[in-house]
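The values are calculated or read from the model by the stated rules, or taken from the named source; none is laboratory data. This is a predicted model, so every value here is computed, not measured. FYI the Cβ positions are ideal-geometry reconstructions off the backbone, even for glycines, and counts take in every protein chain you see.
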């Protein structure tokens with residue numbers, strides 16, 4: 001339900017605003033390519049990119065090295081992100097909420113979480129390769145490691161900042177702890193939880209590419225790495241755009257899903 | 001169906017039974033700089049259907065007292081007995097109306113009001129009937145599907161009243177609930193509270209620093225002093241209801257209380 005004034009959300013007349021910057025960049029790119037300021041081996045013409053992208057997505061396998069690989073690459077990558085992100089949510093959210101509410105858990109976790117958080121995600125790559133080998137497991141590990149921290153930290157601060165009056169109100173209305181957690185604590189922390197989920201999912205895509213750079217046969221990161229070896233800059237750019245589009249769609253899907261499932265997400269300010 | 005109206009004698013009749021005992025309640029806060037005694041051996045009793053105001057200036061511990069009775073804080077010594085059972089934690093037999101907005105912002109007015117009924121063995125139909133009855137009692141029927149942020153301060157407090165009254169609490173604890181409202185809304189809310197009290201006959205403990213408010217509402221006023229918080233005097237208001245805010249009898253009582261507060 002919307003408030004009586006739709007202030008701040010923008011009316012329908014402004015639907016194009018989110019697309020203004022991408023369109024402007026595209027125009028600029030087109031101009032640069034058309035005038036030849038930057039040579040095509042550094043930045044191919046948008047139409048060439050479109051052609052490569054079309055072939056990548058709709059082409060038949062016999063049409064070239066990358067033709068028609070989109071579905072299997074995207075499928076593999078989405079599976080890896082999905083598994084890694086789910087793992088991070090399953091561990092990070094409950095742990096974060098516990099540490100936001102219970103000093104014992106907060107103290108217990110503080111050194112470990114903050115020390116591990118200081119280690120750049122890429123540092124785990126060599127270790128993960130030794131432990132899990134090249135492929136699925138390594139990528140999932142990296143994604144889960146990276147997504148854990150924003151999820152954990154936001155869940156913790158969300159749970160800590162829930163208005164104590166709401167919890168008192170629940171207690172006086174006879175709400176016991178378990179129901180209070182689901183009926184008051186989680187909805188009360190929803191905006192922080194959403195932030196954590198969105199940051200976590202975003203960073204999942206970043207670490208997906210990292211995990212796939214190591215010689216796996218399929219996946220969007222693998223395609224980009226492969227194209228670099230072959231000097232196919234058009235394919236690199238297609239890969240980047242595909243990841244951007246899928247990343248944006250997954251964010252929308254996450255928000256839509258949360259709104260669909262939780263009143264508090266729907267009615268969030 | 002649960003009984004809607006409890007058969008409690010009208011205010012002023014004699015056969016009311018004492019349900020709430022506050023026995024030598026003290027509270028000391030432990031601060032970095034030492035001990036701060038906040039409440040000192042508070043004792044009083046409330047009969048079923050009493051409307052008692054705790055009147056005092058800020059810092060006299062009246063809100064702390066209410067929180068202890070609600071079960072949010074534990075006393076340093078002394079005890080509270082409600083219906084022969086000692087009070088140790090919050091429960092739906094003692095509901096609080098907070099000064100600040102404590103509605104669940106993600107629930108509509110109707111959902112806020114039925115929140116406490118969830119998990120109870122009542123059919124959806126009965127729940128809806130109860131919700132409509134209490135929406136109507138606080139005059140918010142048309143606002144059932146509004147969110148709290150779309151309501152004025154006075155309307156929020158009406159929802160807060162409805163969501164605890166629906167639980168049929170033994171004692172209603174009100175912590176300066178109308179203090180942040182404008183004068184007109186405050187008077188409306190006082191009148192609403194009185195009419196609800198007449199209909200539902202809850203026992204009400206009402207904390208306020210506003211002498212007028214105390215005299216409009218209370219059967220008895222517990223006048224509190226600070227450092228440490230204690231009951232200085234118990235005043236029986238004894239004015240007939242409905243009370244005329246402009247009558248000389250009313251003004252006499254407020255004048256006396258104002259002097260006592262200053263003194």
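Answer yes or no as to whether residue B:109 is buried (at least 21 other Cβ atoms within 10 Å of the Cβ), under 21 Å from the mean Cα position of the chain (by Cα) and either within 14 Å of another protein chain (Cβ to nearest Cβ) or closer than 26 Å to residue A:185 by Cα (or both).
yes
Kindly indicate the residue of region B:218-263 that is in contact with a strand residue (DSSP E or B) (Cβ under 7 Å, 6 or more places away or on another chain) and part of a loop (DSSP other than H, G, I, E, B) and also nearest to residue B:45 (Cα to Cα) among those meeting that condition.
Here the answer is B:219.
From the residues in region B:161-188 that are within 25 Å of residue B:68 (Cβ to Cβ) and more than 14 Å from chain A (Cβ to nearest Cβ), which one is surrounded by the most Cβ atoms within 10 Å (Cβ to Cβ)?
The residue in question is B:178.
Which of (1) modelled with pLDDT under 90; (2) out of contact with any helix residue (DSSP H, G or I) (no Cβ under 6 Å at 6 or more places or on another chain) is the odd one out, the single condition residue A:22 does not satisfy?
Of (1) modelled with pLDDT under 90; (2) out of contact with any helix residue (DSSP H, G or I) (no Cβ under 6 Å at 6 or more places or on another chain), only one is false for residue A:22: (1).
Please state which of the following conditions residue B:72 fails to meet, knowing it meets all the rest: (1) in contact with a helix residue (DSSP H, G or I) (Cβ under 6 Å, 6 or more places away or on another chain); (2) under 30 Å from residue A:266 (Cα atoms).
(2)
Please verify whether region A:177-191 includes one or more residues that are crowded, with 23+ Cβ neighbours inside 10 Å, under 24 Å from residue A:267 (Cβ atoms), touching a helix residue (DSSP H, G or I) at 6+ places or on another chain (Cβ under 8 Å) and more than 14 Å from chain B (Cβ to nearest Cβ).
For region A:177-191, residues crowded, with 23+ Cβ neighbours inside 10 Å, under 24 Å from residue A:267 (Cβ atoms), touching a helix residue (DSSP H, G or I) at 6+ places or on another chain (Cβ under 8 Å) and more than 14 Å from chain B (Cβ to nearest Cβ): absent.
Looking at the structure I just gave you, is residue B:158 more than 14 Å from chain A (Cβ to nearest Cβ), free of Cβ contacts under 8 Å to residues at least 40 places away in the same chain and within 26 Å of residue B:46 (Cα to Cα)?
Here the answer is yes, as residue B:158 does meet what is asked.
Name, by its number, the condition in (1) surrounded by fewer than 16 Cβ atoms within 10 Å (Cβ to Cβ); (2) free of Cβ contacts under 8 Å to residues at least 60 places away in the same chain; (3) away from every other protein chain (no Cβ under 14 Å) that does not hold for residue A:160.
Result: residue A:160 fails condition (2) only.
Please go through region B:66-96 and pick out each residue that is more than 10 Å from chain A (Cβ to nearest Cβ) and closer than 23 Å to residue B:158 by Cα.
B:66, B:69
Failed condition for residue A:154, given (1) crowded, with 20+ Cβ neighbours inside 10 Å; (2) part of a helix (DSSP H, G or I); (3) within 11 Å of chain B (Cβ to nearest Cβ), with all others met?
(3)
Tally up the residues in region B:78-99 that are touching a strand residue (DSSP E or B) at 6+ places or on another chain (Cβ under 9 Å) and touching a residue at least 40 places away in the same chain (Cβ under 8 Å), please.
Total satisfying the criteria: 13.
Could you grab me the full set of residues in region A:210-224 that are surrounded by fewer than 22 Cβ atoms within 10 Å (Cβ to Cβ) and in contact (Cβ under 8 Å) with a residue 24 or more places away in the chain?
Matches in region A:210-224: A:210, A:214, A:215, A:216, A:218.
Restricting attention to strands (runs of 3 or more DSSP E) lying wholly within region B:6-122, give those where 3 or more residues are farther than 15 Å from residue B:231 by Cβ.
It comes to B:18-31, B:34-47, B:77-82, B:94-97.
Search region A:258-269 for residues being loosely packed, with under 13 Cβ neighbours inside 10 Å and assigned to a helix (DSSP H, G or I), and hand back the single one that is nearest to the other protein chains (Cβ to nearest Cβ).
A:261
Before we move on, is residue A:66 assigned to a helix (DSSP H, G or I) and surrounded by 17 or more Cβ atoms within 10 Å (Cβ to Cβ)?
no
Among the residues of region B:128-141, which ones are surrounded by fewer than 18 Cβ atoms within 10 Å (Cβ to Cβ) and either within 14 Å of chain A (Cβ to nearest Cβ) or not in a helix (DSSP H, G or I) (or both)?
B:139
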